[in-house]
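Structure first, commentary second.
Quick note: the coordinates plus some simple rules give every number you see, no bench work behind them. Because the structure is a prediction, the values reported are computed rather than measured. Glycine gets a Cβ as well: all are built from the backbone with ideal geometry, and neighbour counts include every protein chain shown.
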Amino acid sequence: MDHLSEYQRFVSYFYEYCNNEKSKNCGFVRTEIRNHQCNMDIHLKLPIYPFTPIFTIYGFIPEKEQLAGILLGQGAYHHGLVHVVLSIPEKNIAETSYNVHDLGGLLIQCDTGQIFATAWKEAPIHPELFTPFSREEPISAASLEPPCEEIVPESSETFVSTEDTLSSSEEHPPEKNISQTTIPWDTWGKIQHTYPHIQPFFDDEIHQCVKISTDDFPKLAEYGFFIDNNQFLSHGCHMYQHILLGKLDRKDSKDYILAVPGIYNEKECFLASIFGFPNFKPSRNPLIRPGQFGYWYRLLY
């Protein structure tokens, strides 16, 4: 990266991106590279939210027709201000083969669906091309094509490789990857005491939510929760650093749910459905609208 090679200290400005278009300036990052270490001091000034949003910070690498994102951390929010100090190695960021000099800038995702980004290379930012980096294999845009182009509407968010989708002639649909099991009532208290609580929803229809990750599945199996993995679930967990277990209360039943965070749009709706997550609940607003953050969920029987 010529800019970083020439300057060891510089300031770059964050802009909010609305509908993938650059909007207002909302902060800056001060970057310094010294002794093979890169320190970033991030400041954002935002509106006062009636809740505590989650800000996930990525460094992005412009590659062909996509932005490969490397997870760097999360930001703390307090009364309209986000302040984060990151310290990362100059080489092999987050145990990848990428170096600081490969970075084109930073992209911050908020769980409200807002996106903030800054670039220090002279290239436009296209948030619709952003895809988190997978440590298992390099991101390939070709490997992320949806299974049926004539069925899936145009969108930039694609989570499924063709090898993980099933044709109509196959016997077992992808949703069978999530085991259906009877939830042991006497162990729910153990779950509540073991995992961190979160209440992301505007009402209490889904409540007693706890944050888990795919790494927790073996331990959950000891409690009687036999949950298998699939790519949609893994992608959501990698993207937002958690998935949910929760309790769903309705007039005629009380059930347990497994939920994957995501953004509501037609393509993600299609993918969520074929991978066994047919329901969507928005996080902060009862109305479901395109681009809204929320959780795709299924019942655990």
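Summary table
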quantity: Candidate set from the stretch 188-213 (those that are among the hydroxyl-bearing types (Ser, Thr, Tyr) and surrounded by fewer than 15 Cβ atoms within 10 Å (Cβ to Cβ)); member that is nearest to Ser283 (Cα to Cα); calculated: Ser213
quantity: Tally of residues being under 29 Å from Gly262 (Cβ atoms) and either of a type in the set (Phe, Trp, Tyr) or touching a residue at least 60 places away in the same chain (Cβ under 8 Å) (or both) across the stretch 85-103; calculated: 3
quantity: Residue in the stretch 222-231 that is under 19 Å from the mean Cα position of the chain (by Cα), part of a helix (DSSP H, G or I), surrounded by 13 or more Cβ atoms within 10 Å (Cβ to Cβ) and not hydrophobic (A, V, I, L, M, F, W, C) present; calculated: yes
quantity: Total residues in the stretch 253-301, condition at positive phi and surrounded by fewer than 17 Cβ atoms within 10 Å (Cβ to Cβ); calculated: 1
quantity: Qualifying residues in the stretch 279-296 (those that are touching a residue at least 40 places away in the same chain (Cβ under 8 Å) and assigned to a loop (DSSP other than H, G, I, E, B)) - the one farthest from Gly246 (Cα to Cα); calculated: Gly291
quantity: Residues located in the stretch 251-271, provided they are out of contact with any helix residue (DSSP H, G or I) (no Cβ under 8 Å at 6 or more places or on another chain) and assigned to a helix (DSSP H, G or I); calculated: Glu266, Lys267, Glu268, Cys269, Phe270
quantity: Any hit, the stretch 241-250, residues being assigned to a strand (DSSP E or B) and surrounded by fewer than 16 Cβ atoms within 10 Å (Cβ to Cβ); calculated: yes
quantity: Answer residue from the stretch 8-53, given it is touching a residue at least 24 places away in the same chain (Cβ under 8 Å) and of a type in the set (Ser, Thr, Tyr) and is farthest from Asp111 (Cα to Cα) among those; calculated: Thr31
quantity: Test for Lys64: is it over 18 Å from the mean Cα position of the chain (by Cα) and either surrounded by 15 or more Cβ atoms within 10 Å (Cβ to Cβ) or within 27 Å of Tyr264 (Cβ to Cβ) (or both); calculated: no
quantity: Single residue of Ile88, Ile70, Ile48 found to be aliphatic (A, V, I, L, M) and out of contact with any strand residue (DSSP E or B) (no Cβ under 7 Å at 6 or more places or on another chain); calculated: Ile48
quantity: Inter-residue pairs, beta-carbon under 6 Å, first closer than 15 Å to Ile243 by Cβ and in the stretch 198-220, second aliphatic (A, V, I, L, M) and in a strand (DSSP E or B), 6+ apart; calculated: Ile206/Leu248; Cys209/Leu244; Val210/Leu245; Ile212/Ile243; Ile212/Leu245
quantity: Considering residues of the stretch 73-83 that are surrounded by fewer than 20 Cβ atoms within 10 Å (Cβ to Cβ) and among the aliphatic types (A, V, I, L, M) only, the residue nearest to Asp111 (Cα to Cα); calculated: Ala76
